[in-house]
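Notes follow the structure.
A short reminder: the numbers here are calculations on the coordinates, not readings from a lab. Since this is a predicted model, take the numbers as computed values, not measurements. Note that we place each Cβ from the backbone using ideal geometry, even for glycine, and neighbour counts take in every protein chain shown.
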Amino acid sequence: MTYALEFAQRTIGYAFGATELAYIAHTTSRAAYGRAMDHCPATKAWVAELAAQS
């Protein structure tokens, strides 16, 4: 679900509300998320780019 939300933000500029932001903060702080990102450098790069824009 986190990937889908981040994809929507990246592709169409979807603006998140408080609920979505809390969900993304919770899921992206998990160790499993970090491991998944380590296996996909391209996705990790665009997520970092999104974070820098926020």
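Yes/no per residue for (1) out of contact with any His (no Cβ under 6 Å at 6 or more places or on another chain); (2) outside any helix (DSSP H, G or I); (3) of a type in the set (A, V, I, L, M, F, W, C):
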residue	(1), (2), (3)
A4	yes, no, yes
F7	yes, no, yes
Y14	yes, yes, no
T19	yes, no, no
Y23	yes, no, no
A32	yes, no, yes
K44	yes, no, no
E49	yes, no, no
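For region 1-43, the tally of residues that are more than 9 Å from the chain's Cα centre (by Cα) and surrounded by fewer than 14 Cβ atoms within 10 Å (Cβ to Cβ) stands at 23.
Count of region 44-54 residues, restricted to those that are loosely packed, with under 10 Cβ neighbours inside 10 Å and among the small types (G, A, S), is 2.
Each row is one residue, and each column tells you yes or no for (1) touching a residue at least 40 places away in the same chain (Cβ under 8 Å); (2) small (G, A, S).
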| position | (1), (2) |
| --- | --- |
| M1 | no, no |
| A8 | no, yes |
| I12 | no, no |
| Y23 | no, no |
| S29 | no, yes |
| R35 | no, no |
| C40 | no, no |
| T43 | yes, no |
| E49 | no, no |
